[in-house]
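Please treat every number below as a calculation from the coordinates, not as lab data. Since we're looking at a predicted model, the values are computed, not measured. Heads up, the Cβs are rebuilt from the backbone with ideal geometry, glycines too, and the neighbour counts pull from every protein chain shown.
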């Protein structure tokens, strides 16, 4: 509403510590998760590596997504999101752990998960399975997806992501202390964010190609990078909405989190669920229509023997649920509806990764394995502790941002 | 400009906040069918004036379903019924390939219906009776129209807007 209940100053809520009970839960999740991972590797190591890859991609997308969200808000000079921006920034604290898990997978699990060299050698022997690719291209692809190069690329990417996230977060945090510098630091972050988004586009696509598309080393899709990105953005927005709702229960933060922020987050979830469906459909439709054997085998394996059921669940959970659930105006800012929709979308994201990874090794849907559950729990615990580290060190609102009051008042409208 | 009420009162304001407060007050005191003219959209004013959601979303949804179905039928008729051709061994009813045109025709018809029904809902169709209230309404003035049939109601409304800081009051239908 206009003119009413405007505030002139946001009270600094200071750092917020996650409750001891929840922190205990996170620690229990890590210990329980590690035990389950050990059990998984002892019983079936092939499935355990798939599970670890699944959990890694799920949480990498959230950790990285926090930085992407922050960077997009900076580049667009968005004002609505200033009050919730620090929640997204906190998610970036997961990145160092992401690097650790990445190294474990790419060094320890490469031989089990990826058969790049043997597939390419086999196809070279047959004179190449591709219509248009000369054998020279296969050698290039073999080199691109070879273990040493994948590891090197991953480390370089993490250096880029981590380094730029560090700089963006440092500028944002230092504006809390030096409030007069707020505008200058914001301008600095806008430039950094532009650079980050450009680099992110390339590096994240290649990271997904290295770790997910390489599972099917004969297959390729030019939509793959943007498909993974849309999953990243949708799940990240859902997690930010959940964190925002959690912070609404903190009395000191509550005045800054209004119905408007929730409404806008709901709108974003709805918008990006459409984007997700659009990208997913584009990838499927083009492969279906072109009907080239090198491309279709991926979709055939993923729509038969029960995988078709998982495939149908993806548009249901990632598009129809958020689209229909958040379409009515009163629902878009309704905490209960947002929580239900977000949890269903995150389930869809988990299933999406499951549907990308598991059909490579299993001809019909299987239990993802104790290692998948265990590593998911453990990384959830790590993610929670990372959030606690972020939120308990600095104010949970960007106090130095010149547009914070505007964001809370909704005067950007 | 929408048609003005036959009898009533127009209050001009220089400040959008005054307009919002006056509209809220008038709604609270029981004046019906309020209308406001502003140079730019003021968010939240429909709520305080007691204006409910219009029928436009329903019309748009109906048009969307109609347009999408028509788009599908057009393709089904051309590809399956009228001129069946085997393209690349695909089934004649190749619905995944139809979806793009189904989407586009749905959006096209829905958007056009939305656009046109806005004019109908706002009574902005061309007519010979529309008069411009004030040239500055497209620049820096804000007007609130309060329909009031009787003299007493007009007096009451005039008192109200005066209190709320109107800088000019005009009575309609003297």
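Some points to look at:
- Ellipticity estimate at 222 nm from DSSP helix runs (n ≥ 4, -39,500 (n - 2.57)) divided over chain B, nearest 500: -15000 deg cm²/dmol
- The stretch A:244-339, relative contact order in percent, only Cα pairs under 8 angstrom and at least six apart counted: 40
- Angle in degrees between helix A:45-75 and the longest Cα principal axis of chain A, rounded to the nearest 10: 40
- Cβ neighbours within 10 Å from other chains - mean over B:37-46: 2
- Counted by neighbouring Cβ atoms within 10 Å, the residues A:311, B:13, A:144 run from fewest to most as A:144, A:311, B:13.
- For residues of A:283-294, the mean tally of beta carbons on other chains within 10 Å: 2
- The packing ranking of peptides A:332-339, A:48-55, highest mean first, is A:48-55, A:332-339, where packing means the average number of other beta carbon atoms within 10 angstrom of each residue.
- Euclidean distance of C-alpha centroids, the stretch A:278-303 and the stretch A:61-105, integer Å: 31
- Relative contact order [Cα under 8 Å, 6+ residues apart], the stretch B:19-164, whole percent: 42
- Fewest-first ranking of A:79, A:184, using other Cβ atoms within 10 Å as the exposure measure: A:184, A:79
- 5 Å binning of all Cα-Cα separations within the stretch A:1-127, expressed as whole percents from 0 upward: 2, 8, 11, 13, 14, 12, 11, 9, 7, 5, 3, 2, 1, 1, 0
- Report note on the peptides B:136-143, A:188-195: ranked by the mean count of other C-beta atoms within 10 Å, highest first, their order is A:188-195, B:136-143.
- Averaging the Cα positions of each part gives two centres, and for the stretch B:28-103 and the stretch A:396-410 these lie 37 Å apart.
- Cα-Cα pairs of chain B separated by more than 26 Å (percent): 48
- Over the stretch B:1-86, the ratio between the Cα radius of gyration and 2.2 N^0.38 Å evaluates to 1.93.
- Gyration tensor (alpha-carbon) shape descriptor, the stretch A:157-230, a/c threshold 1.5: prolate
- Ranked B:112, B:19, criterion: other C-beta atoms within 10 Å, fewest first: B:112, B:19
- Each listed q (0.12 Å⁻¹) maps to a log10 I(q)/I(0) for the stretch B:87-168, found by the Debye formula over equal Cα scatterers with no solvent: -0.67.
- Helix A:147-177 axis, angle to chain A major axis (alpha carbon atoms, nearest 10°): 0
- Once C-alpha pairs closer than 8 Å and six or more residues apart are averaged by separation and normalised to the residue number of chain A, the relative contact order reads 38 percent.
- Between helix A:335-357 and chain A: long-axis angle, C-alpha atoms, 0 to 90°, nearest 10: 20
- The value for the stretch B:56-121 of Rg(Cα) / (2.2 N^0.38 Å) is 1.36.
- In the protein assembly as shown the Cα-Cα distances spread across 10 Å bins starting at 0 as 3, 14, 21, 21, 18, 12, 7, 3, 1, 0 percent of all pairs.
- Structure remark: mean-square fluctuation, Gaussian network model of chain A, C-alpha springs under 10 Å; the largest value among A:355, A:93, A:288 belongs to A:288.
- Reference-scaled alpha-carbon Rg (2.2 N^0.38 Å with N residues) for the stretch A:225-381: 1.16
- Our helix-only sum for chain A, with -39,500 (n - 2.57) per DSSP H run of n ≥ 4 divided by its residues, gives a mean residue ellipticity at 222 nm of -24000 deg cm²/dmol.
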